[in-house]
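**Student:** Quick one: structure below, then a few questions.
Readers should treat all values here as calculations from the given coordinates under stated rules, not as data from a laboratory. Computed from a predicted model, the values in this text were never measured in an experiment. Note that we place each Cβ from the backbone using ideal geometry, even for glycine, and neighbour counts take in every protein chain shown.
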Amino acid sequence: MLKTLLAQVKEFKTPSILTPLCMIGEVICEMIIPVLMGRIVDIGIGGSDMNYIVRTGLIMLVVALFGLLFGILGGVFGAKASAGFARNLRKAMHDNIQTFSFSSIDKFSSSSLVTRLTTDVTNIQNAYQMILRMAMRAPASMIIAMIMSFIISPRLARIYLGAVLLLAVIMSFIMRRATRYFQQVFRRYDDLNNSVQENVSSIRVVKAYVREDYEISKFHKAAGNIYEMFIKAEMNIAGVSPIMMTVVYGCILLISWFGAHFIISNELGTGELMSLLAYCMNILMSLMMLSVVFVMITMSQASAKRIVEVINEKSDLKNPEDPIMEVPDGSIRFDDVDFSYRPGTGDPVLKDINLDIRSGESIGIIGGTGSAKSSLVNLVSRLYDVTQGKVLVGGNDVRSYDIEALRNQVSVVLQKNVLFSGTILDNLRWGDKNATEEECVRVCKMACADDFIRRMPEGYNTWIEQGGTNVSGGQRQRLCIARALLKKPKILILDDSTSAVDTATDAKIRKAFREEIPGTTKLIIAQRISSVKDCDRIIVMDDGRIDGVGTHDQLLAENMIYKEVYESQVGGADADFDKKE
Amino acid sequence: MAEDNNKEFKGPGGRRMAGRPRPKVENPGLLLKRVMSYVFKYYGIQMIVVLICIVVSVLANIQGTMFTRTLIDTYITPMIGTPDPDYGPLLGAMGRVACFYGIGIAAAFTQQVIMVHVNQGTLKRLREDLFDHMESLPIKYFDTHSHGDIMSVYTNDIDTLRQMISQSIPQLFNSAITIVSILSMMLVLNIPLTILTLAMVALMLFVTMQVTKRSGKNFIAQQKNIGKLNGFIEETMTGQKVVKVFCHEEESIKTFDELNEELYQSAFKANAFANIIGPVNAQMGNANYVVVALVGALLALNSYAGFTVGGLASFLTFNKSFSMPINQVSMQFNSIIMALAGAERVFKLLDEEPETDEGYVMLVNCEYDENGEIVETDKHTGHWAWKHYHKQSDHSTTYQKLEGDVTFNHVDFGYRDDKMVLHDIVIHAKPGEKVALVGSTGAGKTTITNLINRFYDIQDGKIRYDNINVNKIKKADLRRSLGIVLQDTHLFTGTVRDNIRYGKLDATEEEIVAAAKLANADGFIKRLPQGYDTMLKGDGANLSQGQRQLLAIARAAIADPPVLILDEATSSIDTRTEKIVQDGMDKLMSGRTTFVIAHRLSTIKNSDTILVLEQGRIVERGNHEQLLALKGRYYQLYTGKSDALTA
């Protein structure tokens, strides 16, 4: 895990190395200054030596200047290294997400990807900066102070050694416990936030059922839980500062007592005792700092894991060695295809699919929810790979094509379709970056979108909000169809893409398809019989199998499911009123 | 130390939700006062104890700092060279110091323990107050505020407050007391040197402010850039499948890289400036020491105003410990401003006007006495009545049977006063009737149903329920008498059983299963891994859209309300399944006044009245046959013939 993360430091290796070095430099300056301060008092002021004071004062200023320099450099390098590291992590994740197959996208939900790219990276950035700046500084400060103490008086320094060991044991014990509690706190926090989230988004349900009091009592319970857990966790921490104080004060008293004896027996100078006491704070504070760094690392582990998961996710769809770049025609063949979203678990979603579709044919697909209509068409543009058998497009296995070339020739209008923030033209040009406005208008006319676009205040330059919220469902679908048409595909797949378009317009779009792109193979998934009635052939799907294939009349005569669906929609009308747009 | 401590237990707020730049706080003083009065209201005594504890531990600490000098000057130096030193006085002095230390430690521990409770207790109350208040807010509030922003109040803003109460405020007290005590001792020792020290401190603060300002500016830029990147990621991640289908990966990467680079630049600058505040302060403190030492030595050597060398040594000790609290104050400054920005949003939510309710007509359980008169009862009788208490007239109480008769009398409504979305709506739904609302998206169908249960209040006209103006009915009672299946299905974290029971909290197991069967949900529920005990998470993300709708129908069924509103209740269920559900729906609707909004004409065909809405007006009304005969809008839609329309 660490290796994957650290590989992303890349060009920020230099500041990453310089930061701790600068911090050590700052520590050294910091160590020299108390000695100089002591001398100013003892020798300069004590001996009333103005010259000495000026000289030492100047040296101290120079040292302080170096300290400042190291401090600033350390701060700047640290910021650069950690911000850069965060940038690289985000980029590595985002780049990899772009190579994700559909099954990887399914695996990570989009909201979890967003948190991983933002919050988790920020956590790592903070931890990294902390580590760079503190992980070396604290031990360095401690070691130097310890060495200095040993030089002054090995016997007294042993008191520090003892104190450090004692404190280390106590702190690691407390921190370990506290971390565990805090992790539990975070989980409860998630519960609490979830409860708020639910109430905010479902406020209408809460109010409609007059369940305010019920929700409030639920929330109070969750808040109470957090309160208790937090008290437990923080009570652990509450001991830290008093324990620290006890050890520091203990050390001061012990050193003072034994120091007094040594001074009197002439084994120690008074100035030396002062320095020893000054190092006391240095040593113990560094230890404290170190424990903080450890906690920080423990706490950021979860984030690190979540980031590495994204970086290490390997797409299960790979481009072949010697890919075919051109799809010869729009024929499709399914050869004994089995398909499962997670191979090896449970029943496959598609079973024993055999199909032969000629180039230019129009195929309707109908079936209940969960009958695997979408799964079937998703295999054609290789959004997923088959578990068994093969899918051929233009006579070649889809796995032998360059993925991009295949997807440019096989245009899919997804069921859950999305428009992006930008003008209508921007959105259309997803299909073809270089499309002229005339081409865009032409496809919009085919998709019956031209009329309503023209009626919009800024026509084709109308700004679409994120998710396309400022156009109606039916309009959104028509724009998505136009966008897909702009690719001039050999195969066009519409996955329930006209469900919000009224029957009359739906018929118009199909008519346009027939007349304007007769050579394109069309696969149309629909709920309404009227949408597929005049297709060359209609496939009836049921529970992952093909239940029947034939023309409308054939199926009506032979196929039970088709007949049932038809009868539930008698008159063929299952219209909606999204008409006057 | 203190500042790093802050970073450490940042807790869940470490997960800083990106998005909005932190706005400038309008009135920090007033906000601080409000936060503090909130804390003191519940924890006044505790806070006073904490204050005392801080004073005690600061004094103990200062006393320790001074002890070093006394130790050497008073006890050790005189003993040097003595053949038989007497350690008695030293032991006594150390005993006294140890006692002070002991008291200091006890005070520090007490302070910590109390603060944990004060802090968490305050946050608990604040969270509860926030939530309680939020539940009382009108729907309009949720329409006009982004959910992310509301959430952020509970997470980020509360969390910055947590840090402020638990760390910044005690730290500030601590620093202030330290500064005051050291300052007074310095003043006693030498006034000119104290002034010099203060001048140096002022310079230090000035430089710190400059750096803080730059850092703050870049932190705001960083927040803005995080927001931008966040928005982009959110958009592309939700549309990731479309990105793939259109092979749009490279463009996506290009935009991402640009935004990422901007974020890096601002994050780098913000952190760099923040990082150098510490070293700058520390080294200026050292410079301060040198300057004071030099000037002090000049004064002492010339014996200015009786200033001695010993006095200077002590003064320098104080000077050294003076920089530390100053440094800490400047470090806390940023986090307090951040916390106050959070507090501002917390209080803004708490200050929102709650939903008002002047209704006085109540819904009660009732039974009939031998004369057929309605009598109120506490028992569950399955019969309901409206209870009128006539305040204005004779203070009498009358009862009226709950029937489910709903009328709209020339109702006008707009979400904003200047833009009406419904015009002159007239509807009369008699008890047990089925009224269908059809029309295109945005015609106002859902809005009409939202007026019946008073999610919104109308601008003109009257809505009556059993001939009572809905404004006179207590909102809770009005809503209890209406069952609603909403367009967007929302389920709650909990088991399937809990979710159905939501409609009737005291429902028995049999009632739950019966409701599930009625909605035709029983079948799929039984096939779930743990049946009725299956946990639903994230708004029922583990169920299909259709299954969620079935659960929502079951939830409405169990509530057994006299009036039912079905807003696209079966839109995500395929036509075959819908046919099966239809029986259940018919059963559910029988004997109830029902408002149906539907997409599919098959769902609404058998309604008693069908209202065709267009742009907020009812353009056609009648039953299926009448409307077909009208050969108007409904006819076109039903037959799918567009010839008449194009004309």
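**Student:** Counting only other chains, and only Cβ atoms inside 10 Å, what mean value do you get across the residues of B:116-126?
**Tutor:** Taking the mean over all residues of the peptide, I get 4.
**Student:** How many partner chain Cβ atoms sit within 10 Å of a residue's Cβ in peptide A:26-37, on average, as a whole number?
**Tutor:** 3
**Student:** Between residue B:617 and residue A:66, what is the label-to-label distance in nm when each label sits 7 Å out along the Cα-to-Cβ direction?
**Tutor:** 8.8
**Student:** If I model a spin label at residue A:107 and residue B:369 as a point 7 Å from the Cα along the Cα→Cβ vector, what separation in nanometres do I get?
**Tutor:** So the label points at residue A:107 and residue B:369 sit 7.3 nm apart.
**Student:** What is the calculated FRET efficiency for residue B:140 to residue A:314, with r their C-beta to C-beta distance and R₀ = 56 Å, to the nearest 0.05? Please list the in-between numbers first.
**Tutor:** Values: r = 49 Å, r/R0 = 0.87.
My answer for the efficiency is 0.70.
**Student:** Please list, in order along region A:19-33, the HN-Hα scalar couplings obtained from phi with the Karplus expression 6.51 cos²θ - 1.76 cosθ + 1.60 (θ = phi - 60°), rounded to whole Hz, x for Gly and Pro.
**Tutor:** Ordered by residue, 3J(HN,Hα) equals 3, x, 4, 4, 5, 5, x, 4, 4, 4, 4, 4, 6, 6, 4 Hz.
**Student:** Shape verdict for region A:154-267, please, from the Cα gyration tensor: rounded (a/c under 1.5), prolate (a/b greater than b/c) or oblate.
**Tutor:** The shape class here is prolate.
**Student:** Once you average over the residues of A:96-107, how many Cβ atoms of partner chains fall within 10 Å of each Cβ? Numbers along the way, then the final one.
**Tutor:** Working: counts 0, 9, 10, 2, 5, 1, 4, 0, 1, 5, 1, 0.
What the average comes to for A:96-107 is 3.
**Student:** What value, in deg cm²/dmol to 500, does the helix sum -39500 (n - 2.57) over DSSP H runs of n ≥ 4 give at 222 nm once divided by the residues of chain A?
**Tutor:** The per-residue figure over chain A is -20000 deg cm²/dmol.
**Student:** Rounded to the nearest 0.05, what FRET efficiency is calculated for residue A:48 and residue B:206 with R0 set to 30 Å and r the Cβ-Cβ distance? Don't skip to the end; give the middle numbers.
**Tutor:** Values: r = 34 Å, r/R0 = 1.14.
Between residue A:48 and residue B:206 the formula returns 0.30.
**Student:** Go ahead and estimate [θ] at 222 nm for chain B from helices alone: -39,500 (n - 2.57) per DSSP H run with n ≥ 4, summed, over the residue count, rounded to 500.
**Tutor:** -19500 deg cm²/dmol
**Student:** Assuming 0.36 nm per residue, please report the length gained on full extension of the stretch residue A:438 to residue A:388 beyond their Cα-Cα distance.
**Tutor:** 13.6 nm
**Student:** Stretched out fully, how many nm does the piece from residue B:428 to residue B:258 gain, at 0.36 nm a residue minus the Cα gap?
**Tutor:** 55.3 nm
**Student:** Among rounded, prolate and oblate, which fits region B:126-248 when a ≥ b ≥ c are the square roots of the eigenvalues of its C-alpha gyration tensor, a/c under 1.5 means rounded, and a/b larger than b/c means prolate?
**Tutor:** It is oblate, given that a/c is not under 1.5 and a/b is not larger than b/c.
**Student:** Say R0 is 51 Å: what FRET efficiency, to the nearest 0.05, do residue B:298 and residue A:17 get from their beta-carbon distance?
**Tutor:** Working: r = 45 Å, r/R0 = 0.89.
FRET efficiency, residue B:298 to residue A:17: 0.65.
**Student:** Sticking with this one: Give me, ordered by chain and number, the residues 5 or more places off residue B:565 or on other chains with an amide H under 5 Å from its own placed amide H.
**Tutor:** Counting only residues 5 or more places away or on other chains, the set is B:483, B:484, B:485, B:595.
**Student:** Just going by the charge dipole of the protein assembly as shown, with Lys and Arg at +1 and Asp and Glu at -1 on Cβ, which of A:81, A:143, B:112 is farthest out on the positive end?
**Tutor:** A:143
**Student:** On a full-extension model of 0.36 nm per residue, what is the gain between residue B:544 and residue B:265, subtracting their alpha-carbon distance, rounded to one decimal in nm?
**Tutor:** 96.1 nm
**Student:** Further question: Give the shape of the protein assembly as shown as rounded, prolate or oblate, defined through the alpha-carbon gyration tensor: a ≥ b ≥ c are the square roots of its eigenvalues, a/c under 1.5 means rounded, and otherwise the shape is prolate if a/b is larger than b/c and oblate if not.
**Tutor:** Values: a/c = 2.81, a/b = 1.85, b/c = 1.52.
Here the protein assembly as shown falls in the prolate category.
**Student:** Beyond a 19 Å Cα-Cα separation, which of these cross-linked pairs lie in this structure: A:390/B:241; A:10/A:80; A:207/B:474; B:213/B:269?
**Tutor:** Beyond 19 Å: A:390/B:241.
**Student:** Ok, one more. Going by C-beta contacts inside 10 Å, put B:258, A:313 in order with the fewest on the left. Don't skip to the answer; put the middle values down first.
**Tutor:** Values: B:258 13, A:313 17.
Going from sparsest to densest Cβ surroundings: B:258, A:313.
**Student:** A follow-up question, please. Quick one: which residues, 5 or more positions from residue B:361 or on another chain, have an amide H under 5 Å from its amide H? H modelled 1.01 Å from N in the peptide plane, none for Pro or chain starts.
**Tutor:** B:473, B:474
**Student:** Just to check I understand the Karplus step: with θ = phi - 60° and J = 6.51 cos²θ - 1.76 cosθ + 1.60, what whole-Hz values come out for region A:5-14, glycine and proline as x?
**Tutor:** 5, 5, 4, 8, 5, 6, 5, 9, 5, 4
**Student:** Between residue A:59 and residue A:261, what is the label-to-label distance in nm when each label sits 7 Å out along the Cα-to-Cβ direction?
**Tutor:** 3.3
**Student:** Place a label point 7 angstrom from the Cα of residue B:129 along the Cα-to-Cβ direction, then list the residues of region B:343-362 whose backbone nitrogen is under 18 Å away.
**Tutor:** B:343-355
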